[in-house]
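Peer 1: The structure under discussion is supplied below as structure tokens; questions concerning it will follow.
The values are calculated or read from the model by the stated rules, or taken from the named source; none is laboratory data. Predicted model only: the values in this text are computed from it and were never measured. Every residue, glycine among them, receives a Cβ derived from its backbone with ideal geometry; neighbour counts consider all protein chains shown.
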Amino acid sequence: MDIAFELACEALKCNEVPVGCAFVYNGEVIASGRNEVNATRDATQHAEMVTIRRLEQWCRNNEKELDKVLTECDLFVTVEPCIMCTAAIRFCLPAHLRSITYGARNERFGGCGSVLSVHNSPSPVAPLNCISGVEAEAAVKLLKKFYEQENENAPEELRKRKRVT
């Protein structure tokens, strides 16, 4: 979880929503990433999606089969994956992860039970094993820091302005 938090801090410094994540395989971090939505101007570039692409690249570089690696992988994320990312992890990957461990709940967009239970909704696909609340306070602290600042990438009408008193 430490590397996920390091990446979340990096995201915050880059004016991104501070979410970081890492795939761990046989006790080793093999792919990691952070939000890159603002940098890429692509709303789908959440930490999980970035990291999935890096995991696929790691498998190609190391001549490993993605489906075999996934069954031995754990995913660590600072914030509960959103509905889109949870759906991608559960329904688009060729095999299931051992677990997803995350910090803070995502009360606006969470796909692991906070808003929708994509992780275990009725489906022919097996449910995901999610572990929540790991270092949640630290994750919330980072999110608060982000939302206290002005997001220069937000549409003009939605930007928060610092109040001058």
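Peer 1: Tally time: how many residues in the stretch 83-105 are in contact with a helix residue (DSSP H, G or I) (Cβ under 9 Å, 6 or more places away or on another chain) and part of a helix (DSSP H, G or I)?
Peer 2: Selection size over the stretch 83-105: 6.
Peer 1: Exactly one of these conditions fails for P94: (1) out of contact with any Leu (no Cβ under 7 Å at 6 or more places or on another chain); (2) surrounded by fewer than 13 Cβ atoms within 10 Å (Cβ to Cβ). Give me its number.
Peer 2: (1)
Peer 1: With the requirement that a residue be at pLDDT 85 or above, surrounded by fewer than 16 Cβ atoms within 10 Å (Cβ to Cβ) and among the charged types (D, E, K, R), what does the stretch 115-165 give you?
Peer 2: Result: E137, K141, K144, K145, E148.
Peer 1: Quick check: is even one residue across the stretch 5-12 more than 15 Å from the chain's Cα centre (by Cα) and surrounded by fewer than 23 Cβ atoms within 10 Å (Cβ to Cβ)?
Peer 2: The first filter runs over the stretch 5-12 and keeps only residues more than 15 Å from the chain's Cα centre (by Cα), leaving none.
Looking for residues that are more than 15 Å from the chain's Cα centre (by Cα) and surrounded by fewer than 23 Cβ atoms within 10 Å (Cβ to Cβ), one finds none in the stretch 5-12, hence no.
Peer 1: Right, another one. Among the residues of the stretch 38-80, which ones are in contact (Cβ under 8 Å) with a residue 60 or more places away in the chain, surrounded by 19 or more Cβ atoms within 10 Å (Cβ to Cβ) and either over 12 Å from F23 (Cβ atoms) or hydroxyl-bearing (S, T, Y) (or both)?
Peer 2: Selection gives T78, V79.
Peer 1: Mind listing whichever residues of the stretch 97-116 are in contact with a Pro (Cβ under 9 Å, 6 or more places away or on another chain) and not aromatic (F, W, Y)?
Peer 2: I100, N106, G110, G111, C112
Peer 1: Further question: Six or more apart or on different chains, Cβ under 9 Å: which pairs go from a residue in the stretch 106-119 that's farther than 13 Å from C85 by Cβ to one that's among the aromatic types (F, W, Y) and part of a loop (DSSP other than H, G, I, E, B)? Could you list them?
Peer 2: Qualifying pairs under 9 Å: none.
Peer 1: Identify, please: which residue in the stretch 54-88 is acidic (D, E) and more than 10 Å from the chain's Cα centre (by Cα) and is, among those, nearest to G103 (Cα to Cα)?
Peer 2: D74
Peer 1: Also, I was wondering about something else. Filter the stretch 32-67 down to the residues that are closer than 18 Å to L128 by Cβ, out of contact with any Phe, Trp or Tyr (no Cβ under 6 Å at 6 or more places or on another chain) and not β-branched (V, I, T) and list them by number.
Peer 2: Passing the criteria: H46, A47, E48, M49, L66, D67.
Peer 1: Which one is nearest to K64 (Cα to Cα), of the residues in the stretch 1-32 that are part of a helix (DSSP H, G or I) and among the small types (G, A, S)? Steps first, answer last, please.
Peer 2: Residues of the stretch 1-32 part of a helix (DSSP H, G or I): 2-13.
Next, from what is left, pick out any that are among the small types (G, A, S): 4, 8, 11.
Values: A4: 23, A8: 28, A11: 29 Å.
Within the stretch 1-32, the match that is nearest to K64 (Cα to Cα) is A4.
Peer 1: Please count how many residues of the stretch 106-116 are part of a strand (DSSP E or B) and within 13 Å of I131 (Cα to Cα).
Peer 2: So the answer is 1.
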